[in-house]
1. Provide a single number: the residues in the stretch 233-259 that are assigned to a helix (DSSP H, G or I) and within 31 Å of the chain's Cα centre (by Cα).
2. Give the number of residues within the stretch 291-320 that are closer than 18 Å to residue 166 by Cβ and either polar (S, T, N, Q) or in a loop (DSSP other than H, G, I, E, B) (or both).
3. Select from the stretch 210-232 the residues that are surrounded by fewer than 19 Cβ atoms within 10 Å (Cβ to Cβ) and assigned to a strand (DSSP E or B) and write down the one among them that is nearest to the chain's Cα centre (by Cα).
4. Considering 192, 262, which residue is part of a helix (DSSP H, G or I), open to solvent by 20 Å² or more (accessible area, probe 1.4 Å) and basic (Lys, Arg)?
5. Conditions first: (1) exposed (fewer than 12 other Cβ atoms within 10 Å of the Cβ); (2) closer than 25 Å to residue 95 by Cα; (3) at pLDDT below 85. Residue 19 passes all but one, so which condition is the exception?
6. Tell me whether the stretch 173-180 contains one or more residues that are modelled with pLDDT of 95 or more, under 29 Å from residue 124 (Cα atoms) and in a helix (DSSP H, G or I).
7. Going through the stretch 284-295 one residue at a time, which ones are surrounded by fewer than 23 Cβ atoms within 10 Å (Cβ to Cβ) and in contact with a helix residue (DSSP H, G or I) (Cβ under 8 Å, 6 or more places away or on another chain)?
8. Looking at this structure, is residue 36 loosely packed, with under 14 Cβ neighbours inside 10 Å and modelled with pLDDT of 85 or more?
Amino acid sequence: MGVKIRDIADKLGVSPGTVSKALNDRKGVGDKLKAKIKRVAKEMEYHPNPIARRLSMNKSNTIGVFILSRDKIRLRESFAIEILDGVAEEANKRGYDILLFTNTSSLYQNVNYLKLCKERRVEGAIFFGLALNDPELEEIKQADIPVAIIDLKIKGENIGYISSDNPTGINQALDYLTELGHQRVGFFKSTKEAEVSEIRFRAYQDYLLERNLYNPAYVWEGDFTKESGERLAQEVLSLKQRPTAILSANDSMALGAMGTFKAAGLKIPDDISLVGFDNMPATQYTSPKLTTINQDGILFGKEAVNFILNKLNANSVEVVKEKLLKPELIIRNSVKDLR
(Lines give C-alpha, C1' and ligand atoms only; values in the text may rest on other atoms or scores of the structure.)
Protein backbone atom coordinates (compact mmCIF):
# COMPACT_ATOMS: atom_id res chain seq x y z
CA MET A 1 0.00 0.00 0.00
CA GLY A 2 1.28 3.44 -0.88
CA VAL A 3 1.44 6.47 1.40
CA LYS A 4 -1.93 8.14 1.87
CA ILE A 5 -2.89 11.70 2.78
CA ARG A 6 -3.94 10.46 6.22
CA ASP A 7 -0.41 9.09 6.82
CA ILE A 8 1.06 12.53 6.14
CA ALA A 9 -1.57 14.17 8.34
CA ASP A 10 -0.85 11.79 11.24
CA LYS A 11 2.88 12.44 11.03
CA LEU A 12 2.42 16.21 11.11
CA GLY A 13 -0.47 16.30 13.55
CA VAL A 14 -2.82 18.12 11.15
CA SER A 15 -6.09 17.14 9.50
CA PRO A 16 -6.23 15.23 6.19
CA GLY A 17 -8.17 18.19 4.77
CA THR A 18 -5.28 20.53 5.52
CA VAL A 19 -2.84 18.18 3.79
CA SER A 20 -5.15 17.92 0.77
CA LYS A 21 -5.45 21.70 0.49
CA ALA A 22 -1.70 22.13 0.71
CA LEU A 23 -0.91 19.48 -1.89
CA ASN A 24 -3.50 20.91 -4.30
CA ASP A 25 -2.46 24.54 -3.69
CA ARG A 26 -5.88 25.54 -2.41
CA LYS A 27 -6.59 28.40 -0.03
CA GLY A 28 -6.77 27.92 3.73
CA VAL A 29 -3.20 26.83 4.49
CA GLY A 30 -0.33 29.20 5.32
CA ASP A 31 2.71 29.27 3.07
CA LYS A 32 5.04 27.95 5.78
CA LEU A 33 2.82 24.97 6.64
CA LYS A 34 2.15 24.28 2.97
CA ALA A 35 5.87 24.07 2.22
CA LYS A 36 6.38 21.76 5.22
CA ILE A 37 3.55 19.45 4.13
CA LYS A 38 4.92 19.24 0.59
CA ARG A 39 8.42 18.51 1.88
CA VAL A 40 7.20 15.71 4.15
CA ALA A 41 5.03 14.28 1.37
CA LYS A 42 8.08 14.12 -0.87
CA GLU A 43 10.18 12.51 1.87
CA MET A 44 7.47 9.89 2.44
CA GLU A 45 7.34 9.28 -1.35
CA TYR A 46 3.69 10.20 -1.56
CA HIS A 47 2.18 9.88 -5.06
CA PRO A 48 -1.30 11.30 -5.59
CA ASN A 49 -4.04 9.10 -7.01
CA PRO A 50 -4.94 10.88 -10.27
CA ILE A 51 -8.51 9.58 -10.28
CA ALA A 52 -9.15 10.64 -6.69
CA ARG A 53 -7.54 14.01 -7.36
CA ARG A 54 -9.77 14.62 -10.36
CA LEU A 55 -12.86 13.70 -8.34
CA SER A 56 -11.86 16.03 -5.50
CA MET A 57 -11.38 18.89 -7.95
CA ASN A 58 -14.57 17.99 -9.84
CA LYS A 59 -12.47 17.45 -12.97
CA SER A 60 -12.30 14.44 -15.27
CA ASN A 61 -9.41 15.67 -17.45
CA THR A 62 -11.24 14.01 -20.33
CA ILE A 63 -12.27 15.34 -23.75
CA GLY A 64 -15.00 13.63 -25.74
CA VAL A 65 -14.37 13.07 -29.45
CA PHE A 66 -17.40 12.44 -31.66
CA ILE A 67 -16.79 10.92 -35.09
CA LEU A 68 -20.23 10.86 -36.66
CA SER A 69 -21.67 9.13 -39.75
CA ARG A 70 -19.24 6.24 -39.34
CA ASP A 71 -20.95 4.56 -42.31
CA LYS A 72 -19.48 7.36 -44.45
CA ILE A 73 -16.41 8.36 -42.45
CA ARG A 74 -14.49 5.09 -42.13
CA LEU A 75 -11.54 5.70 -39.86
CA ARG A 76 -9.13 3.49 -41.78
CA GLU A 77 -9.70 5.36 -45.05
CA SER A 78 -10.50 8.92 -44.04
CA PHE A 79 -9.06 12.20 -42.89
CA ALA A 80 -10.64 11.55 -39.45
CA ILE A 81 -7.83 9.25 -38.32
CA GLU A 82 -5.27 12.05 -38.71
CA ILE A 83 -7.45 14.44 -36.73
CA LEU A 84 -7.84 11.82 -34.01
CA ASP A 85 -4.07 11.36 -33.92
CA GLY A 86 -3.59 15.10 -33.41
CA VAL A 87 -6.26 15.20 -30.69
CA ALA A 88 -4.63 12.33 -28.80
CA GLU A 89 -1.13 13.82 -29.09
CA GLU A 90 -2.10 17.26 -27.81
CA ALA A 91 -4.51 16.02 -25.14
CA ASN A 92 -1.98 13.59 -23.69
CA LYS A 93 0.75 16.23 -23.73
CA ARG A 94 -1.48 18.47 -21.64
CA GLY A 95 -2.57 15.79 -19.17
CA TYR A 96 -5.94 14.94 -20.70
CA ASP A 97 -7.49 11.68 -21.83
CA ILE A 98 -9.87 11.29 -24.76
CA LEU A 99 -13.12 9.35 -24.92
CA LEU A 100 -14.19 8.33 -28.42
CA PHE A 101 -17.84 8.28 -29.48
CA THR A 102 -18.95 7.10 -32.93
CA ASN A 103 -22.25 6.43 -34.64
CA THR A 104 -23.84 5.86 -38.03
CA SER A 105 -26.37 8.07 -39.81
CA SER A 106 -29.24 5.74 -38.88
CA LEU A 107 -28.51 6.24 -35.18
CA TYR A 108 -28.80 10.04 -35.18
CA GLN A 109 -32.27 10.04 -33.66
CA ASN A 110 -31.14 7.88 -30.75
CA VAL A 111 -28.17 9.96 -29.64
CA ASN A 112 -28.06 13.00 -27.37
CA TYR A 113 -24.45 14.13 -27.59
CA LEU A 114 -24.43 16.56 -24.67
CA LYS A 115 -26.22 14.07 -22.44
CA LEU A 116 -23.45 11.59 -23.21
CA CYS A 117 -20.88 14.26 -22.32
CA LYS A 118 -22.58 14.86 -18.98
CA GLU A 119 -22.91 11.15 -18.18
CA ARG A 120 -19.24 10.49 -18.98
CA ARG A 121 -18.12 13.70 -17.22
CA VAL A 122 -16.14 15.03 -20.21
CA GLU A 123 -15.00 18.63 -19.89
CA GLY A 124 -15.23 19.47 -23.58
CA ALA A 125 -16.17 17.86 -26.89
CA ILE A 126 -14.79 17.70 -30.43
CA PHE A 127 -17.08 16.90 -33.38
CA PHE A 128 -16.09 15.59 -36.80
CA GLY A 129 -18.74 14.70 -39.38
CA LEU A 130 -21.44 16.92 -37.89
CA ALA A 131 -24.05 17.74 -40.56
CA LEU A 132 -26.31 20.74 -41.03
CA ASN A 133 -29.39 18.52 -40.61
CA ASP A 134 -28.28 16.86 -37.38
CA PRO A 135 -31.22 17.03 -34.93
CA GLU A 136 -28.87 17.85 -32.05
CA LEU A 137 -27.45 20.97 -33.71
CA GLU A 138 -29.59 23.50 -31.83
CA GLU A 139 -28.73 21.93 -28.49
CA ILE A 140 -25.03 21.94 -29.33
CA LYS A 141 -25.23 25.70 -29.95
CA GLN A 142 -26.32 26.11 -26.32
CA ALA A 143 -23.61 23.82 -24.89
CA ASP A 144 -22.32 24.79 -21.44
CA ILE A 145 -18.99 23.05 -22.10
CA PRO A 146 -16.43 24.02 -24.77
CA VAL A 147 -17.20 22.39 -28.12
CA ALA A 148 -14.77 22.38 -31.08
CA ILE A 149 -16.36 21.55 -34.42
CA ILE A 150 -14.36 20.47 -37.46
CA ASP A 151 -15.63 21.80 -40.82
CA LEU A 152 -19.03 23.11 -39.67
CA LYS A 153 -19.45 26.70 -38.56
CA ILE A 154 -22.23 27.41 -36.09
CA LYS A 155 -22.68 30.19 -33.55
CA GLY A 156 -22.55 29.63 -29.81
CA GLU A 157 -20.86 31.09 -26.75
CA ASN A 158 -18.77 27.96 -26.22
CA ILE A 159 -18.36 26.89 -29.85
CA GLY A 160 -15.05 26.85 -31.72
CA TYR A 161 -14.61 26.26 -35.46
CA ILE A 162 -11.59 24.61 -37.09
CA SER A 163 -11.31 24.16 -40.83
CA SER A 164 -9.06 24.75 -43.83
CA ASP A 165 -9.08 27.87 -45.92
CA ASN A 166 -11.05 25.79 -48.41
CA PRO A 167 -11.52 28.41 -51.17
CA THR A 168 -7.75 28.92 -51.28
CA GLY A 169 -7.20 25.18 -51.68
CA ILE A 170 -9.74 24.91 -54.49
CA ASN A 171 -8.26 27.94 -56.24
CA GLN A 172 -4.77 26.43 -56.04
CA ALA A 173 -6.01 23.27 -57.73
CA LEU A 174 -7.92 25.14 -60.42
CA ASP A 175 -4.98 27.46 -61.11
CA TYR A 176 -2.84 24.37 -61.65
CA LEU A 177 -5.40 22.67 -63.92
CA THR A 178 -6.13 25.70 -66.08
CA GLU A 179 -2.43 26.54 -66.43
CA LEU A 180 -1.98 23.01 -67.84
CA GLY A 181 -4.71 23.70 -70.41
CA HIS A 182 -7.76 22.10 -68.75
CA GLN A 183 -10.92 24.03 -69.57
CA ARG A 184 -13.48 21.26 -68.99
CA VAL A 185 -13.10 20.58 -65.28
CA GLY A 186 -15.76 18.55 -63.48
CA PHE A 187 -16.49 18.50 -59.76
CA PHE A 188 -17.53 15.76 -57.34
CA LYS A 189 -19.36 17.28 -54.39
CA SER A 190 -21.17 15.85 -51.38
CA THR A 191 -24.69 16.56 -50.14
CA LYS A 192 -25.75 20.06 -49.08
CA GLU A 193 -25.77 18.91 -45.43
CA ALA A 194 -21.96 18.71 -45.60
CA GLU A 195 -21.12 22.41 -45.29
CA VAL A 196 -17.44 21.96 -46.13
CA SER A 197 -18.38 20.40 -49.48
CA GLU A 198 -20.64 23.34 -50.28
CA ILE A 199 -17.84 25.79 -49.49
CA ARG A 200 -15.51 23.91 -51.83
CA PHE A 201 -18.15 23.68 -54.55
CA ARG A 202 -18.95 27.40 -54.38
CA ALA A 203 -15.24 28.21 -54.72
CA TYR A 204 -15.03 25.90 -57.77
CA GLN A 205 -18.18 27.43 -59.28
CA ASP A 206 -17.09 31.03 -58.70
CA TYR A 207 -13.65 30.38 -60.18
CA LEU A 208 -15.01 28.86 -63.40
CA LEU A 209 -17.90 31.33 -63.78
CA GLU A 210 -15.41 34.19 -63.64
CA ARG A 211 -13.57 32.61 -66.59
CA ASN A 212 -16.70 31.51 -68.53
CA LEU A 213 -15.71 27.86 -68.04
CA TYR A 214 -18.50 26.67 -65.73
CA ASN A 215 -20.72 23.84 -66.98
CA PRO A 216 -23.41 22.58 -64.53
CA ALA A 217 -23.52 19.27 -66.42
CA TYR A 218 -20.01 18.61 -65.07
CA VAL A 219 -21.09 18.68 -61.41
CA TRP A 220 -22.01 15.43 -59.65
CA GLU A 221 -23.21 14.81 -56.10
CA GLY A 222 -21.89 11.95 -53.98
CA ASP A 223 -21.58 11.56 -50.21
CA PHE A 224 -17.82 11.61 -49.55
CA THR A 225 -17.56 7.78 -49.73
CA LYS A 226 -15.38 5.79 -52.09
CA GLU A 227 -18.50 3.97 -53.29
CA SER A 228 -20.16 7.22 -54.35
CA GLY A 229 -17.01 8.14 -56.27
CA GLU A 230 -17.31 4.84 -58.16
CA ARG A 231 -20.95 5.65 -58.99
CA LEU A 232 -20.18 9.20 -60.12
CA ALA A 233 -17.38 7.93 -62.36
CA GLN A 234 -19.92 5.74 -64.17
CA GLU A 235 -21.97 8.88 -64.85
CA VAL A 236 -18.90 10.61 -66.23
CA LEU A 237 -18.23 7.65 -68.52
CA SER A 238 -21.73 7.92 -69.99
CA LEU A 239 -21.07 11.43 -71.36
CA LYS A 240 -20.26 11.95 -75.03
CA GLN A 241 -17.97 14.85 -74.19
CA ARG A 242 -16.31 14.22 -70.86
CA PRO A 243 -14.41 16.73 -68.75
CA THR A 244 -10.66 16.49 -69.18
CA ALA A 245 -10.23 16.63 -65.38
CA ILE A 246 -12.24 15.93 -62.25
CA LEU A 247 -11.69 17.88 -59.02
CA SER A 248 -13.16 15.98 -56.07
CA ALA A 249 -14.27 17.51 -52.76
CA ASN A 250 -12.39 14.74 -50.97
CA ASP A 251 -9.88 11.98 -51.67
CA SER A 252 -12.21 9.04 -51.05
CA MET A 253 -14.48 9.94 -53.98
CA ALA A 254 -11.45 10.58 -56.19
CA LEU A 255 -9.98 7.19 -55.31
CA GLY A 256 -13.29 5.47 -56.02
CA ALA A 257 -13.46 7.20 -59.40
CA MET A 258 -9.88 6.23 -60.20
CA GLY A 259 -10.71 2.55 -59.78
CA THR A 260 -13.82 2.79 -61.97
CA PHE A 261 -12.04 4.71 -64.75
CA LYS A 262 -9.20 2.20 -64.83
CA ALA A 263 -11.62 -0.74 -64.87
CA ALA A 264 -13.33 0.86 -67.89
CA GLY A 265 -10.00 0.95 -69.74
CA LEU A 266 -9.18 4.64 -69.26
CA LYS A 267 -5.62 5.63 -68.53
CA ILE A 268 -4.98 8.24 -65.84
CA PRO A 269 -3.95 10.92 -66.57
CA ASP A 270 -3.78 10.32 -70.35
CA ASP A 271 -7.57 9.97 -70.77
CA ILE A 272 -8.79 11.86 -67.72
CA SER A 273 -7.06 13.75 -64.89
CA LEU A 274 -7.97 13.57 -61.20
CA VAL A 275 -7.39 15.87 -58.21
CA GLY A 276 -8.52 15.10 -54.65
CA PHE A 277 -8.77 17.01 -51.39
CA ASP A 278 -7.34 15.90 -47.99
CA ASN A 279 -4.03 14.18 -48.85
CA MET A 280 -4.96 10.89 -47.21
CA PRO A 281 -1.99 8.50 -46.86
CA ALA A 282 -3.49 6.18 -49.50
CA THR A 283 -3.09 8.86 -52.19
CA GLN A 284 0.69 8.30 -52.14
CA TYR A 285 0.37 4.62 -53.06
CA THR A 286 -2.17 4.59 -55.89
CA SER A 287 -1.09 4.13 -59.50
CA PRO A 288 -0.72 6.86 -60.51
CA LYS A 289 -0.20 8.74 -57.27
CA LEU A 290 -3.05 11.20 -56.72
CA THR A 291 -2.54 14.95 -56.95
CA THR A 292 -4.45 16.42 -54.02
CA ILE A 293 -4.90 19.36 -51.67
CA ASN A 294 -3.19 18.75 -48.36
CA GLN A 295 -4.87 19.43 -45.03
CA ASP A 296 -2.83 19.06 -41.86
CA GLY A 297 -5.07 16.68 -39.92
CA ILE A 298 -2.69 16.49 -36.98
CA LEU A 299 -2.84 20.28 -36.63
CA PHE A 300 -6.65 20.18 -36.89
CA GLY A 301 -6.75 17.88 -33.86
CA LYS A 302 -4.27 19.94 -31.89
CA GLU A 303 -6.14 23.18 -32.56
CA ALA A 304 -9.41 21.56 -31.44
CA VAL A 305 -7.84 20.52 -28.12
CA ASN A 306 -6.23 23.95 -27.70
CA PHE A 307 -9.57 25.68 -28.13
CA ILE A 308 -11.21 23.50 -25.47
CA LEU A 309 -8.42 23.86 -22.92
CA ASN A 310 -8.00 27.59 -23.56
CA LYS A 311 -11.72 28.01 -23.06
CA LEU A 312 -11.65 26.00 -19.81
CA ASN A 313 -8.72 28.01 -18.48
CA ALA A 314 -9.74 31.42 -19.82
CA ASN A 315 -10.11 34.31 -17.40
CA SER A 316 -10.40 37.68 -19.07
CA VAL A 317 -8.40 36.59 -22.13
CA GLU A 318 -10.35 36.39 -25.39
CA VAL A 319 -10.24 32.86 -26.81
CA VAL A 320 -9.87 32.59 -30.60
CA LYS A 321 -13.06 30.88 -31.78
CA GLU A 322 -12.17 30.35 -35.44
CA LYS A 323 -9.08 28.78 -37.01
CA LEU A 324 -8.64 28.44 -40.76
CA LEU A 325 -5.55 26.41 -41.58
CA LYS A 326 -3.57 26.87 -44.78
CA PRO A 327 -3.99 24.13 -47.42
CA GLU A 328 -1.29 23.15 -49.92
CA LEU A 329 -1.54 21.61 -53.38
CA ILE A 330 0.48 18.38 -53.56
CA ILE A 331 1.41 17.71 -57.19
CA ARG A 332 1.86 14.05 -58.11
CA ASN A 333 1.09 12.07 -61.28
CA SER A 334 -2.66 12.16 -61.88
CA VAL A 335 -2.91 15.33 -64.02
CA LYS A 336 -1.98 15.57 -67.70
CA ASP A 337 -0.38 18.63 -69.27
CA LEU A 338 -2.64 19.51 -72.22
CA ARG A 339 -0.60 22.46 -73.50
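The values are calculated or read from the model by the stated rules, or taken from the named source; none is laboratory data. Every value quoted in this text rests on a predicted model; they were computed, and no experiment measured them. Glycine gets a Cβ as well: all are built from the backbone with ideal geometry, and neighbour counts include every protein chain shown. Protein only, heavy atoms only, side chains kept; ligands, DNA and RNA dropped before computing areas. Shrake-Rupley method; radii C 1.70, N 1.55, O 1.52, S 1.80 Å.
1. 13
2. Adding up the residues that qualify gives 5.
3. 221
4. Answer to the selection: 262.
5. Unmet condition: (1).
6. Checked against the condition, which is being modelled with pLDDT of 95 or more, under 29 Å from residue 124 (Cα atoms) and in a helix (DSSP H, G or I), the stretch 173-180 yields no hits at all.
7. 286, 289
8. no
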